[in-house]
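Chemist: So that we are looking at the same thing, I have put the structure below in structure tokens.
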Amino acid sequence: MQISKIEGVYIPSFYDVIYNEDNTVKEVVPNKEDIPKRPHKRIIRDMENVPSPEKLIVPYIETVHNRVVLELFRGCTRGCRFCQAGMIYRPIREKSIERLTELVDKLIKNTGYDEISLSSLSTSDYSKLTELTDYLVNKYTDKNIGISLPSLRLDNFSMEIAEKIQQVRKSGLTFAPEAGTQRLRDVINKGVSEQDLKSATKKAFEMGWNSVKLYFMIGLPTETYDDLDGIANLAYNVIDIYRDVHDGKLKRSFSVTVSTSTFVPKPFTPFQWHPQDRSEEVVNKQKHLIKKLKNKDIKYNYHDSQTSLMEAVISRGDRRIGKVIYDAFKLCAKFDGWSEYFNLDTWKEAMAKNNLSIDFYAHRQRSYEEVFPWDHIDVGVTKKFLIRENEKAKENGVTVDCRHKCSACGISAHNMTKGLCK
Ligand code: SF4
């Protein structure tokens with residue numbers, strides 16, 4: 001009971017979920033006195049002075065993050081409508097360059113790692129990125145310590161920064177247009193254009209890159225097969241751009257990798273009301289792209305539709321799905337992230353055991369009147385804002401980066417984040 005009094009702490013057993021006959025949630029009500037009706041997220045207001053690890057355990061074995069991971073800032077203001085992190089980690093809170101250089105020097109000294117990863121939700125948006133990469137390149141290039149950046153935004157791909165960071169190690173180049181046409185990129189509010197992709201890849205090929213990875217999603221709201229053809233067109237455009245840069249020739253090492261993941265509707269996003277495509281439709285769309293991208297210079301990777309299906313069930317699941325996860329585990333489901341271990345029948349058995357339907361969770365359009373199992377959690381961004389954004393998406397309408405113009409998502413009005421929006 002004492003813990004429940006700490007701001008930001010949520011104890012599910014102190015809240016009862018009441019269901020309607022149609023299995024939707026009627027309401028979620030506290031079953032104890034003196035606990036918040038809507039517990040809200042807790043955030044770090046002062047990213048500058050919050051204690052950050054300076055001494056890390058360095059394992060003997062190879063690990064996923066075998067490098068120094070330097071978090072530049074928290075939050076993102078781009079407003080992509082499928083992105084949960086972009087909504088729930090608002091507002092933006094940057095660390096100063098002084099704090100970051102002090103931290104990275106200690107981390108490199110204490111770990112001996114030979115790579116620094118500049119991490120955040122949108123690293124190329126860090127306001128002092130040029131100064132920071134200058135500092136790191138000048139200080140660490142001679143020591144053979146490299147810098148890596150996660151996928152770069154196309155609209156502010158900086159040639160200068162790319163040139164600098166490739167001095168030690170030429171890491172692969174990854175861009176995430178997410179959708180194949182401008183119409184659909186506006187629907188998801190990605191804020192990048194075909195021209196951005198063309199100029200970014202042209203710059204990269206002129207600088208000596210011979211391969212590029214392009215990330216997309218399929219099954220997005222309002223998507224048509226024209227949008228899928230748009231993905232193929234972008235990939236072929238990239239080949240043409242490379243030919244232009246290299247007098248019509250394609251070097252042996254040249255390649256374009258196209259990766260598509262399947263759209264999973266996420267809570268607290270403008271797209272939380274949308275269903276996921278049925279697996280057969282996802283497979284048809286993947287087959288369509290396999291045909292369209294049949295080319296020796298293009299590699300096409302796509303996510304297994306069955307794992308994406310269970311992601312959609314769990315993503316918008318209610319408490320009853322907790323029991324499904326437990327029962328699936330008891331039925332030997334584990335390491336499901338790896339498709340060779342994943343078995344949909346096990347999950348179907350666990351769903352049936354709990355009298356629940358995959359369709360209900362994954363493929364059902366939700367109405368604005370429906371109560372979501374997460375509506376009693378307050379993340380600062382309001383449902384009103386999410387509905388507004390979803391309605392705008394239906395009109396292919398865009399919302400600009402809120403560093404330039406506030407779109408009143410609710411964060412600046414909330415007690416826990418008041419005064420943090422710049
Ligand atoms: S209140 Fe405005 S400025 Fe602040 S995060 Fe929301 S949209 Fe951005």
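The values are calculated or read from the model by the stated rules, or taken from the named source; none is laboratory data. These numbers were taken from a predicted model, which means no experiment stands behind them. So basically every Cβ, Gly included, is an ideal-geometry build from the backbone, and we count neighbours across all protein chains shown. The area values use the complete protein model at the heavy-atom level, side chains included, leaving out ligands, DNA and RNA. Shrake-Rupley method; radii C 1.70, N 1.55, O 1.52, S 1.80 Å.
Residue by residue, here is whether (1) open to solvent by 10 Å² or more (accessible area, probe 1.4 Å); (2) touching a residue at least 24 places away in the same chain (Cβ under 8 Å); (3) not in a loop (DSSP other than H, G, I, E, B) holds:
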{"position": "ILE231", "(1), (2), (3)": "no, yes, yes"}
{"position": "ARG243", "(1), (2), (3)": "yes, no, yes"}
{"position": "VAL258", "(1), (2), (3)": "no, yes, yes"}
{"position": "PRO275", "(1), (2), (3)": "yes, yes, no"}
{"position": "ASN301", "(1), (2), (3)": "yes, yes, yes"}
{"position": "GLU311", "(1), (2), (3)": "yes, yes, yes"}
{"position": "LYS323", "(1), (2), (3)": "yes, yes, yes"}
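Chemist: Out of the residues in region 159-184 that are buried (at least 18 other Cβ atoms within 10 Å of the Cβ) and within 12 Å of THR201 (Cβ to Cβ), state the one that is modelled with the highest pLDDT.
Modeler: Top of the filtered list is PRO177.
Results for (1) open to solvent by 70 Å² or more (accessible area, probe 1.4 Å); (2) within 16 Å of the ligand (Cβ to nearest atom); (3) over 20 Å from GLN276 (Cα atoms), shown as yes or no for each residue.
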site	(1), (2), (3)
LEU344	no, no, no
ILE358	no, no, no
VAL371	no, no, no
ILE387	no, yes, no
CYS402	no, yes, yes
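Chemist: With the requirement that a residue be more than 16 Å from the ligand (Cβ to nearest atom) and open to solvent by 20 Å² or more (accessible area, probe 1.4 Å), what does region 375-385 give you?
Modeler: ASP375, ILE377
Chemist: Does region 23-55 hold any residues that are among the hydrophobic types (A, V, I, L, M, F, W, C) and within 24 Å of LYS383 (Cβ to Cβ), and which are they?
Modeler: VAL25, VAL28, VAL29, ILE35, ILE43
Chemist: Between residues in region 198-218 that are closer than 18 Å to CYS80 by Cβ and residues that are small (Gly, Ala, Ser) and surrounded by 17 or more Cβ atoms within 10 Å (Cβ to Cβ), which pairs lie under 6 Å by C-beta distance while being six or more apart or on different chains?
Modeler: Short answer, once both residue conditions are applied: TYR215/ALA176.
Chemist: I'm trying to understand the selection: among the residues of region 159-197, which are touching a residue at least 60 places away in the same chain (Cβ under 8 Å) and assigned to a strand (DSSP E or B)?
Modeler: The one that is touching a residue at least 60 places away in the same chain (Cβ under 8 Å) and assigned to a strand (DSSP E or B): GLU178.
Chemist: So, one more: Return the residues of region 389-400 that are more than 13 Å from the ligand (Cβ to nearest atom) and more than 16 Å from PRO275 (Cα to Cα); say none if nothing qualifies.
Modeler: Within region 389-400, LYS392, GLU395, ASN396, GLY397, VAL398 meet the criteria.
Chemist: Next up: Checking the structure you have, find out if any residue of region 123-137 is within 29 Å of ASN189 (Cα to Cα), more than 16 Å from the ligand (Cβ to nearest atom) and outside any helix (DSSP H, G or I).
Modeler: Yes: one or more hits.
Chemist: Among (1) within 20 Å of ASP240 (Cα to Cα); (2) at pLDDT below 80, there is one condition ASN156 misses while meeting the rest; what is its number?
Modeler: (1)
Chemist: Please indicate, with yes or no, whether at least one residue in region 91-98 is open to solvent by less than 60 Å² (accessible area, probe 1.4 Å) and more than 24 Å from LEU129 (Cβ to Cβ).
Modeler: Initial filter on region 91-98 (open to solvent by less than 60 Å² (accessible area, probe 1.4 Å)): 91-93, 95-97.
Now restrict to residues that are more than 24 Å from LEU129 (Cβ to Cβ): none.
No, there is no match, as no residue in region 91-98 is open to solvent by less than 60 Å² (accessible area, probe 1.4 Å) and more than 24 Å from LEU129 (Cβ to Cβ).
Chemist: Out of VAL245, VAL212, VAL238, VAL264, I need the residue that is aliphatic (A, V, I, L, M) and in contact with a Lys or Arg (Cβ under 7 Å, 6 or more places away or on another chain). Which one?
Modeler: Numbers: VAL212 fails: in contact with a Lys or Arg (Cβ under 7 Å, 6 or more places away or on another chain); VAL238 fails: in contact with a Lys or Arg (Cβ under 7 Å, 6 or more places away or on another chain); VAL264 fails: in contact with a Lys or Arg (Cβ under 7 Å, 6 or more places away or on another chain).
Going through VAL245, VAL212, VAL238, VAL264 in turn, just one is aliphatic (A, V, I, L, M) and in contact with a Lys or Arg (Cβ under 7 Å, 6 or more places away or on another chain): VAL245.
Chemist: Same structure again: How about region 334-364: which of its residues are under 22 Å from the mean Cα position of the chain (by Cα) and not polar (S, T, N, Q)?
Modeler: PHE335, ASP336, GLY337, TRP338, TYR361, ALA362, HIS363, listed by residue number.
Chemist: Still on this model: Go through ASP22, ASP34 for me and flag whichever is on the phi < 0 side of the Ramachandran plot and part of a loop (DSSP other than H, G, I, E, B). Even if it seems obvious, please write down each step before you answer.
Modeler: Details: ASP34 fails: on the phi < 0 side of the Ramachandran plot.
Criteria check complete, one pass: ASP22.
Chemist: Scan region 325-342 residue by residue and report those that are open to solvent by 20 Å² or more (accessible area, probe 1.4 Å) and assigned to a helix (DSSP H, G or I).
Modeler: We begin by selecting, within region 325-342, every residue open to solvent by 20 Å² or more (accessible area, probe 1.4 Å); these are 325-326, 329-332, 334-342.
ILE325, TYR326, PHE329, LYS330 - these are the residues of region 325-342 that are open to solvent by 20 Å² or more (accessible area, probe 1.4 Å) and assigned to a helix (DSSP H, G or I).
Chemist: Separate question: As an exercise: evaluate THR417 against (1) exposed (fewer than 14 other Cβ atoms within 10 Å of the Cβ); (2) within 16 Å of the ligand (Cβ to nearest atom); (3) assigned to a loop (DSSP other than H, G, I, E, B) and give the number of the one condition it does not meet.
Modeler: So the condition that THR417 fails would be (1).
Chemist: Would you confirm, using the coordinates I've provided, whether PRO30 is modelled with pLDDT under 95, more than 16 Å from the ligand (Cβ to nearest atom), more than 24 Å from the chain's Cα centre (by Cα) and open to solvent by 20 Å² or more (accessible area, probe 1.4 Å)?
Modeler: No, not satisfied.
Chemist: Filter region 198-216 for residues that are open to solvent by less than 30 Å² (accessible area, probe 1.4 Å), touching a strand residue (DSSP E or B) at 6+ places or on another chain (Cβ under 7 Å) and outside any helix (DSSP H, G or I) and give the result.
Modeler: VAL212, LEU214, PHE216, listed by residue number.
Chemist: Being outside any helix (DSSP H, G or I) and touching a residue at least 40 places away in the same chain (Cβ under 8 Å) is the filter; apply it to region 9-18 and report the residue that is nearest to the chain's Cα centre (by Cα).
Modeler: TYR10
Okay, residues lined up against (1) out of contact with any Phe, Trp or Tyr (no Cβ under 8 Å at 6 or more places or on another chain); (2) modelled with pLDDT of 95 or more; (3) under 22 Å from PHE263 (Cα atoms):
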| residue | (1), (2), (3) |
| --- | --- |
| MET310 | no, yes, yes |
| ARG320 | yes, yes, no |
| LYS330 | yes, yes, no |
| SER339 | yes, no, yes |
| LYS353 | yes, yes, no |
| GLU389 | yes, yes, yes |
| HIS404 | yes, no, no |
| CYS409 | no, yes, no |
